[in-house]
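Single-structure report; data block below.
Taken together, the values in this text are just the output of simple stated rules run on the coordinates, not laboratory data. Since we're looking at a predicted model, the values are computed, not measured. For neighbour counting, all protein chains shown are included, and Cβ atoms are generated from backbone atoms with ideal geometry for every residue, glycine included.
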Amino acid sequence: MRVKYFFDRIFALLLLVLLAPVFLIAAAVIYFKDRGTIFFRQTRPGWHEKPFTLLKFKTMKEIYDENGDPLPDEERLTSVGKCLRKLSLDEIPQLINVLKGEMSMIGPRPLLMEYLPLYDETQRRRREVKPGITGWAQVNGRNALSWEAKFELDVWYVDHWSLFLDLKIIGLTVIKVLKREGISGEGCATMEKFNGSDGK
């Protein structure tokens, strides 16, 4: 795994340099178009569930209902946000998380802190490696998969990790991004909330 994390930082640095023009253009468009904060920051569980601050380009408005709860994702997504998500450009700031050692290029996606108590013993094993910008579940269906299917793929990755597998996932990620597959879950703009495998 040390080799994996060494190459993570080299690859993340190279990508940040190559994508610097895209990074700056996206940041400028968000700032001038949406008149708001450029980055979305949220605490997520990292390696062995240690919290860290995830960075993404902001793609949603902060609007709430009368009870103070956020409106559905499809109502909060901005026009710029929809475009960024279709091209997966909203994930670019996470390269900074990789450089800081909080994330890996490849690994299970970092989900919400509130999901931690809902995992069963097997699902919790997805946190035995650093969370990634993309992963085995993302190239095998992404948000079109059920939560249980995604977690099974995450744990499979933990048990079968190799540098060759990581390179394969990078290649498949490029193809998925170009085809814009699996961006949304069924019946929602992103992915429905996880309520535990027993549906509680």
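Before moving on, here are some points about what is shown:
- Cα gyration tensor shape of the stretch 5-66, rounded if a/c is under 1.5, else prolate or oblate by comparing a/b with b/c: oblate
- Using the Karplus relation 6.51 cos²θ - 1.76 cosθ + 1.60 with θ = phi - 60°, the per-residue 3J(HN,Hα) values for the stretch 133-138 come to 5, 9, x, 4, 5, 5 Hz, with x marking Gly and Pro.
- Taking other C-beta atoms within 10 angstrom as a stand-in for reagent exposure, 161, 136, 156 fall in the order 156, 161, 136, fewest first.
- Other-chain or far-sequence residues with amide H under 5 Å of residue 77's (modelled H): 61
- Positive-end residue of 116, 162, 138, charge dipole of the chain with Cβ unit charges: 162
- Per-residue ³J(HN,Hα) for the stretch 164-176, Karplus 6.51 cos²θ - 1.76 cosθ + 1.60, θ = phi - 60°, Hz, x for Gly and Pro: 4, 5, 4, 5, 4, 5, 4, x, 5, 5, 4, 5, 5
- In terms of distances greater than 21 angstrom between alpha carbons, the cross-link table entries 82/176; 100/150; 58/82 yield 100/150.
- Phi angles across the stretch 83-90 convert, under the Karplus curve 6.51 cos²θ - 1.76 cosθ + 1.60 with θ = phi - 60°, into 3J(HN,Hα) values of 5, 4, 5, 4, 9, 6, 6, 5 Hz, Gly and Pro given as x.
- Here the Gaussian network model covers the chain, with springs between Cα atoms less than 10 Å apart; of 63, 106, 170, 63 fluctuates the most.
- Residues whose amide H lies under 5 Å from that of residue 132, counting only those 5 or more places away or on a different chain, are 104, 107, 109; hydrogens are built 1.01 Å from N in the peptide plane.
- Anisotropy class of the stretch 28-96 from Cα gyration tensor, a/c 1.5 cut: oblate
- Rg to Rh quotient for the chain, alpha carbon positions, Kirkwood Rh: 0.94
- Close amide H contacts of residue 39 (hydrogens built in the peptide plane, cut-off under 5 Å, sequence separation of 5 or more or a different chain): 58.
- Förster radius 35 Å - calculated FRET efficiency between residue 114 and residue 10, Cβ distance, rounded to 0.05: 0.55
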